[in-house]
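Contents: one structure, followed by commentary.
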Amino acid sequence: MKRILLVDDHQMFLEALCGLLEKQPNIEVVGLACNGLQAIHIAAEMLPDIVLMDVSMPGLNGIATTRQLLAAHPGIKVIALSTHVEQIYVNDMMRAGASGYVSKSEGGKELLRAIEAVSLNRHYWCPSAIESLARTLNEDGKPANLSPKLAARELQVLRLVASGLSSQQIAVQLNIAFGTVEVHRRNIMRKLGLHSAVELTRYAIDHDLLRD
């Protein structure tokens, strides 16, 4: 019997996932958590075999929660669940110690395959996560630098984009040309593998970049 803790800040998704897993004869859902701190508390009390961890949560996100949880309970396995399959999210969860990564757009069978694999001490990455991981390998087949480094000005622009400012407003605030801001934005998105202001904002929040 696989004992599983579910962690997600969206109640409807949490309940739907619980309903799916409770139909499986070899799975027992031992707890539901809607944030990272609650997940750490329940995990310490229930000691589940596997934690299904939402990556993007307000407050303590899934990356930081996974890191703290596994530091305290290294025997627990974590499978990341996310709408994001960009390289940076997959890589950060892998580095935090997750044993698997499944996109929320995948069907229930994919998640069940991940649970089965992880319960056998194997790693499991859904196809879109594997594509992201493949793009980070260097010519020797070893992981390349997984945390793209932003220049100081790029970091400034990213923070201002995440604060809701337009390119014109950023240009005024930083006293640079509008076109220069646009170049910085394109470079940031290329380095991070992101494609919109919404994704940039989520990245800045998840990686705690809004504070100087």
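So, D49, is that one of a type in the set (D, E, K, R), under 19 Å from E106 (Cα atoms) and assigned by TED's automatic domain parsing to the domain that holds L120 or not? Explain how you work it out, then say what you get.
Working: of a type in the set (D, E, K, R): yes; under 19 Å from E106 (Cα atoms): no; assigned by TED's automatic domain parsing to the domain that holds L120: yes.
So D49 does not fit the description; no.
So how many residues does the range 22-46 have that are hydrophobic (A, V, I, L, M, F, W, C) and in contact (Cβ under 8 Å) with a residue 40 or more places away in the chain? Please lay out each step first, then the result.
At the first step, the residues of the range 22-46 found to be hydrophobic (A, V, I, L, M, F, W, C) are 27, 29-30, 32-34, 37, 39-40, 42-44, 46.
Retained after the next criterion (residues that are in contact (Cβ under 8 Å) with a residue 40 or more places away in the chain): 27, 46.
So the count comes out to 2.
Just the residues that are among the small types (G, A, S), in contact with a helix residue (DSSP H, G or I) (Cβ under 7 Å, 6 or more places away or on another chain) and modelled with pLDDT under 90, please, taken from the range 156-181. Give the steps one after another, and end with the answer.
Kept after step one, since they are among the small types (G, A, S), are these residues of the range 156-181: 162-164, 166-167, 171, 177, 179.
Subsequent filtering for residues that are in contact with a helix residue (DSSP H, G or I) (Cβ under 7 Å, 6 or more places away or on another chain) retains 162, 167, 171, 177.
Matches in the range 156-181: A162 only.
The values are calculated or read from the model by the stated rules, or taken from the named source; none is laboratory data. Note that this is a predicted model, so its numbers are computed, not measured. All Cβ positions, even for glycine, are placed from backbone atoms using ideal geometry, and neighbour counts span all protein chains on display.
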